[in-house]
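A.B. asks: Structure below; questions to follow.
Here, each number is a calculation from the coordinates, and none is a lab measurement. As the structure is a prediction and not an experimental result, all values here were calculated from the model. Note that we place each Cβ from the backbone using ideal geometry, even for glycine, and neighbour counts take in every protein chain shown.
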Amino acid sequence: MKELTIGIDVGGTSAKIGLVDEKGKIQKKTEVKTLKVNNWKQIINEYLKPIDQWLAEGINVNGIGIGTPGFINKKTGELNNAANLPGLLNAPFVDYLKDKYKIPVIADNDATCAAVGEHIFGAGKRYKDFLMVTIGTGIGGGLILNDRVYRGADGYAGELGHIIVVAEGRGCTCGNRGCIEAYSSATAIIKRVRDGIKKGYITTYDKVDPKKIDAKLIFDKAQTGDPYSLEAVESAARYLGRVLGGIVNLLNIESIIIGGGVAAAGNFFIEKIRFYLVQVAWYSLTHNLKIIPAELLNDAGIIGAAALLFEENL
Ligand SMILES: [Zn+2]
């Protein structure tokens with residue numbers, strides 16, 4: 001019988017869990033609540049209920065990949081830093097799953113999973129060296145170098161969101177000031193527009209319910225010429241382009257793949273990022289550089305987590 005790989009995309013409120021085939025297609029999926037308890041086994045056991053059900057149905061599973069926010073230590077498989085998953089902090093859940101199911105289990109940061117997912121099944125298939133940037137609530141990064149995922153000494157490499165772009169700049173959720181995440185994430189773009197409305201200088205949102213102001217609306221309005229929305233998007237692209245330009249100078253990658261919620265804006269945002277990137281990176285390193293949107297959009301988290309197993313067998 002065909003073997004399938006389980007991908008678990010863990011988040012602060014829920015985990016998305018799916019069965020992925022060898023082509024990266026999801027065969028079954030479900031969503032399970034992340035219990036707000038200080039007992040990691042209880043949280044994990046809740047995630048395992050649909051998996052146990054699938055196994056009881058006779059589905060042949062060859063491994064489990066897990067993506068989480070925060071830092072996964074590559075030696076211990078433990079989550080060493082996780083603001084919105086306190087219950088799983090430093091918990092040996094990878095060993096627990098290996099013990100329970102006797103199959104390979106790999107965990108990694110969700111942006112690294114996104115990079116691996118694109119590398120195996122998506123826009124990154126064509127490239128040996130690329131940076132994955134996920135732009136949503138925060139900003140994440142994952143690196144593929146020389147056709148393999150690059151994890152660094154402890155497993156934490158690619159942590160793009162907290163590169164400082166303005167010394168003593170805006171406060172960031174991490175406690176530092178001036179991180180790129182505080183300037184170019186969807187959260188930062190929305191905040192900029194909301195602040196402008198509050199101060200009274202943004203007037204083109206008068207007919208919009210304040211609760212409905214999200215990144216998609218801002219990008220839509222920017223594309224139709226609303227000057228305030230355009231300025232918010234432009235500002236995000238300017239800071240991000242500078243940071244990415246520095247990374248291009250450092251690594252001479254072939255491609256940058258933009259994923260996450262903001263990626264849905266596609267080339268409109270990407271062209272702006274490129275405009276600012278080429279101003280700070282060397283021509284020799286940018287004239288062949290491709291900046292492209294991610295291909296795995298829906299369920300990228302599940303597919304990316306499962307792809308960790310495929311990456312291991314390359
Ligand atoms: Zn930060």
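A.B. asks: Explain nothing, just the number: dipole magnitude of region 126-293 about its Cα centre with +1 on each Lys and Arg Cβ and -1 on each Asp and Glu Cβ, in debye rounded to the nearest 20. Intermediate values should be presented prior to the final figure.
C.D. replies: Details: 21 positive and 16 negative charges, 47 e Å.
About 220 debye.
A.B. asks: Now, a different point. Once the dipole of region 126-293 is set up with Lys and Arg at +1 and Asp and Glu at -1 on Cβ about the Cα centre, which of 185, 202, 157 lies farthest towards its positive end?
C.D. replies: Value computed over the given set: 202.
A.B. asks: Ratio of alpha-carbon Rg to the 2.2 N^0.38 Å globular estimate for region 126-293, to two decimals, please.
C.D. replies: Numbers: Rg = 16.2 Å, N = 168, 2.2 N^0.38 = 15.4 Å.
That works out to 1.05 for region 126-293.
A.B. asks: Mind putting together the pair-distance distribution for region 5-158? All Cα pairs, 5 Å bins, whole percent per bin, short to long.
C.D. replies: Spelled out per bin, shortest first, that is 2, 9, 18, 23, 21, 16, 8, 2, 0.
A.B. asks: Let me ask something else about it. Please list, ordered by chain and number, the residues whose modelled amide H lies under 5 Å from the amide H of residue 291; skip anything fewer than 5 residues away on the same chain.
C.D. replies: 256
A.B. asks: Taking the Cβ-Cβ separation of residue 62 and residue 164 as r and a Förster radius of 51 Å, what is the calculated FRET efficiency to the nearest 0.05? Walk me through the intermediate numbers first.
C.D. replies: Numbers: r = 42 Å, r/R0 = 0.82.
Rounded to the nearest 0.05, the efficiency is 0.75.
A.B. asks: Would you work out the Kirkwood radius for the chain? I mean one over the mean of 1/r across all pairs of different Cα atoms, in Å. Kindly include the intermediate steps, with their values, before the conclusion.
C.D. replies: Values: mean 1/r = 0.0495 Å⁻¹.
It is 20.2 Å.
A.B. asks: Can you tally the net charge around residue 2? Count Lys and Arg as +1, Asp and Glu as -1, for every other residue whose Cβ sits under 9 Å from the Cβ of residue 2. Show your work: numbers first, answer last.
C.D. replies: Values: positive: none; negative: 3, 21, 22.
Result for the neighbourhood of residue 2: -3.
A.B. asks: How do the peptides 67-74, 179-186, 243-250, 89-96 rank, highest first, by the average count of neighbouring beta carbon atoms within 10 Å per residue?
C.D. replies: Values: 67-74: 22.0, 179-186: 26.0, 243-250: 19.5, 89-96: 16.6.
In decreasing order of mean packing, 67-74, 179-186, 243-250, 89-96 become 179-186, 67-74, 243-250, 89-96.
A.B. asks: Let me ask another. What is the local net charge at residue 147, summed over the other residues whose Cβ is closer than 12 Å to its Cβ (Lys, Arg +1; Asp, Glu -1)? Walk me through the numbers before you get to the answer.
C.D. replies: Values: positive: 125, 126, 128, 148; negative: 129, 254, 311.
Counting the neighbours of residue 147, the net charge comes to +1.
A.B. asks: Still on this structure, please answer the following. Specify which residue in the list 269, 241, 143 is farthest towards the positive end of the charge dipole of region 126-293, using unit charges on the beta carbon of Lys, Arg (+1) and Asp, Glu (-1), about the Cα centre.
C.D. replies: 269
A.B. asks: Could you work out the Rg to Rh ratio of region 261-314, with Rh taken as the Kirkwood radius (inverse of the mean 1/r over all Cα pairs)? Each step should come with its number before you reach the end.
C.D. replies: On the way: Rg = 15.0 Å, Rh = 13.5 Å.
With Rg and the Kirkwood Rh in hand, the quotient comes to 1.12.
A.B. asks: Strictly greater than 15 Å: what percent of every Cα pair in region 14-80 meets that? Mind dumping the intermediate values first?
C.D. replies: Values: 1359 of 2211 pairs.
Looking at region 14-80, the distances longer than 15 Å represent 61 percent of pairs.
A.B. asks: Let me ask something else about it. Taking +1 at the Cβ of each Lys and Arg and -1 at the Cβ of each Asp and Glu, which of 314, 51, 62 sits farthest along the dipole of the chain towards its positive end, judged by Cα position relative to the Cα centre?
C.D. replies: Final value for the positive-end residue is 51.
A.B. asks: Moving on to the next point. Only helices at least 15 Å long along their axis, Cα-based, and averaging -1.0 or more on Kyte-Doolittle count here, so list those DSSP H runs from the chain.
C.D. replies: Working: long enough: 40-56 (23 Å, -0.42); 110-121 (16 Å, 0.67); 186-199 (20 Å, -0.29); 227-251 (35 Å, 0.60); 267-280 (20 Å, 0.67); 300-312 (18 Å, 1.45).
Helices meeting the span and hydropathy rule in the chain are 40-56, 110-121, 186-199, 227-251, 267-280, 300-312.
A.B. asks: If R0 is 45 Å, what FRET efficiency do you get for residue 95 and residue 208 from their C-beta distance, rounded to 0.05? Please report the intermediate quantities before stating the final value.
C.D. replies: Values: r = 49 Å, r/R0 = 1.10.
Computed FRET efficiency for residue 95 and residue 208 comes out at 0.35.
A.B. asks: Can you work out the PRE-style zone for residue 129? Point 7 Å along Cα to Cβ, and I want the residues of region 144-182 with backbone N under 17 Å.
C.D. replies: 144-152, 158
A.B. asks: Still on this structure, please answer the following. Dipole size in debye (nearest 20) for the chain around its Cα centre, Lys and Arg Cβ +1, Asp and Glu Cβ -1? Write out the running numbers ahead of the final one.
C.D. replies: On the way: 37 positive and 34 negative charges, 106 e Å.
That gives the chain a dipole magnitude of about 500 debye.
A.B. asks: Can you grab the distance from the C-alpha centre of region 254-314 to the C-alpha centre of region 210-236, Å, no decimals?
C.D. replies: If you average the Cα positions of each part, the centres end up 21 Å apart.
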